[in-house]
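One structure below.
Every number in this text was worked out from the coordinates using simple rules, so none of it is lab data. All figures in this text were calculated on a predicted structure; none of them were measured in a lab. A quick note on method: Cβ atoms are made from the backbone with ideal geometry, for glycine too, and the neighbour counts reach across all protein chains shown.
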Amino acid sequence: MKKLKIGITCYPTVGGSGVIATELGKMLAERGHEIHFITSSVPFRLKKIYPNVFFHEVEVNNYSVFQYPPYDIALASKMADVIKSEKLDCIHVHYAIPHAVCAVLAREICGENIGIITTLHGTDISVLGQDSTLAHAIKYGIEKSDIVTAVSNSLKEQTYELIDTTKEIETIYNFVDDSVFRPIDAGNLKEQFGIKENERVIIHVSNFRKIKNLPDIIQTFLKIREQMPSKLLLVGDGPEKHRVMDLVKNSPYKQDILFLGKQENVEELFSISDLMLLLSEKESFGLVLLEGMACGVPGIGTAVGGIPEVIEHGVNGYIVPLGGVEQAADYALELLSDEEKLNDFRRAAISASQTKFNSKLIIDHYEQLYERLAVLR
Ligand code: GMT
């Protein structure tokens, strides 16, 4: 197979879309392709040095005449430079807004026939539900892309509902790096957190945005804790954190809720966990569920967006309606008190991460799309 030169643009900070874009870049580099990240900072999971991975920083000059720094124009201009100077075969952008629109503009600026692949991750489409002023720009970014993918069937359908387009959208599920996300021996980590042998460990990992519905995570845990010795690990940080701290401050089980903040090696925390909760109001996929599943942690998630495509109800986790705190707690208690069933769910979770979400097959799929685009050059 011909080695390709692929440009990748994403939000490089913490977030599932940035994780997927970065992991994709790393795995493609390991297959010998040349990867050019065009982003505002080095993607946060790009820890290792690869001789065939390059980073092109988008710098925005904040001249006093500009009311807002022109990031999108700076990005398009940088993309145009890199397309020309590095002779890219194609460019893969994550998010229609602003990245797909910037890529289309870059193509115009440099006057080259470069193929654009856009992956939709959810937030730009769900924002549209509230902010119709961006509708035309999102539609334009989607329709001018050569290939559009979405991370779940649910997101694909939602896109068609909100955007009047006949553009073909292909679902390509998210994946995880299974050399990192796998059951590992976390040594005496449980002990270090003061978790006793007889206690079950429940974990929630997110950016603590309102849509992550933290109050339901707390309510569910408190119902579990009333019946069973257990600890809740809350991993992450964000706008809702203080509200959540307020919610638990008068609870008799306050000491069983551990706020761990942002953590780098979440796989170690998954490896001491028995169950994950993701009770979001919106979620196009829920990458964190898959990370946990690959480490052998079954999840309970809401019947929202792509979550039911990730969790197979009654096999590797449970699906509850949004706001279904009672059901979530009942399922959790049932599973956590039956060792045999829990082990079956753990095995099924690992198996799904290796089959339905097999990283090798998913990278193969993206590679085929890049090849289709490269022939346009
Ligand atoms: O969910 C977030 O707050 C971050 C956002 C992002 O841009 O990373 O996540 C979106 O993309 C992820 C990767 O595809 C998905 O796993 C998340 O479900 C999706 N978030 C939403 O749809 C709200």
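A compact table of results
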read-out	value
Mean Cα-pair separation over length for segment 8-62, i.e. relative contact order, pairs under 8 Å, 6 or more apart, %	37
Highest-MSF residue in the chain out of 110, 295, 102 [GNM, Cα springs under 10 Å]	110
Farthest positive-ward along segment 189-354 dipole, Cα basis, beta-carbon charges - from 221, 208, 308	208
Residue-count net charge about residue 30 - beta-carbon cut-off 15 Å; Lys, Arg +1, Asp, Glu -1	+1
In segment 238-343, chymotrypsin sites (Phe, Trp or Tyr not before Pro) in a DSSP loop with at most 16 other beta-carbon atoms within 10 Å	253
Neighbour-count order for 33, 94, fewest beta carbons within 10 angstrom listed first	33, 94
Beta bridges per DSSP with both ends in the chain, % antiparallel, nearest 5	0
Among 137, 329, 103, residue whose mean-square fluctuation peaks in a GNM of the chain (springs only between Cα atoms under 10 Å)	137
Signed unit charges on C-beta, dipole axis of segment 185-343, positive-most listed residue 242, 288, 257	242
Positive-pole candidate from 192, 80, 14, dipole of the chain, charges at beta carbon	80
When the convex hull of its Cα atoms is projected in every direction, mean area for segment 30-130 (nm²)	8.1
Fewest-first sequence of 256, 185, 89, 72 by Cβ atoms within 10 Å of each Cβ	185, 72, 256, 89
Sparsely packed GluC sites (Glu not before Pro) within segment 1-109, loop by DSSP, other Cβ within 10 Å at most 12	59
Where labels lie 7 Å past Cα in the beta-carbon direction, separation of residue 347 and residue 73 in nm	6.1
Relative contact order of the chain, defined on C-alpha pairs under 8 angstrom at six or more residues apart (%)	14
Simple Cβ-charge dipole of segment 189-354, Lys/Arg +1 and Asp/Glu -1, about Cα centre, in debye nearest 20	560
Computed E for residue 55/residue 313 - FRET, C-beta separation, R0 56 angstrom, nearest 0.05	0.85
Cα coordinate range in segment 189-354, projected on the principal axes (Å, largest first)	39, 34, 32
Sorted largest first, extent of segment 285-377 alpha carbons per principal axis (Å)	58, 28, 16
Pairwise FRET efficiency - residue 65 versus residue 226, Cβ, R0 = 45 Å, nearest 0.05	0.15
Globularity index of the chain, i.e. its alpha-carbon radius of gyration over 2.2 N^0.38 Å	1.02
Residue of 355, 13, 133 that the Gaussian network model of the chain assigns the largest fluctuation, springs spanning Cα pairs under 10 Å	133
Within the chain, helix-based [θ] at 222 nm, where runs of 4 or more DSSP H residues each add -39,500 (n - 2.57), nearest 500	-12000 deg cm²/dmol
Only Lys, Arg (+1) and Asp, Glu (-1) charged, at Cβ; the chain dipole about Cα centre in debye	680
Span from the segment 241-277 Cα centroid across to the segment 9-59 one, whole angstrom	30
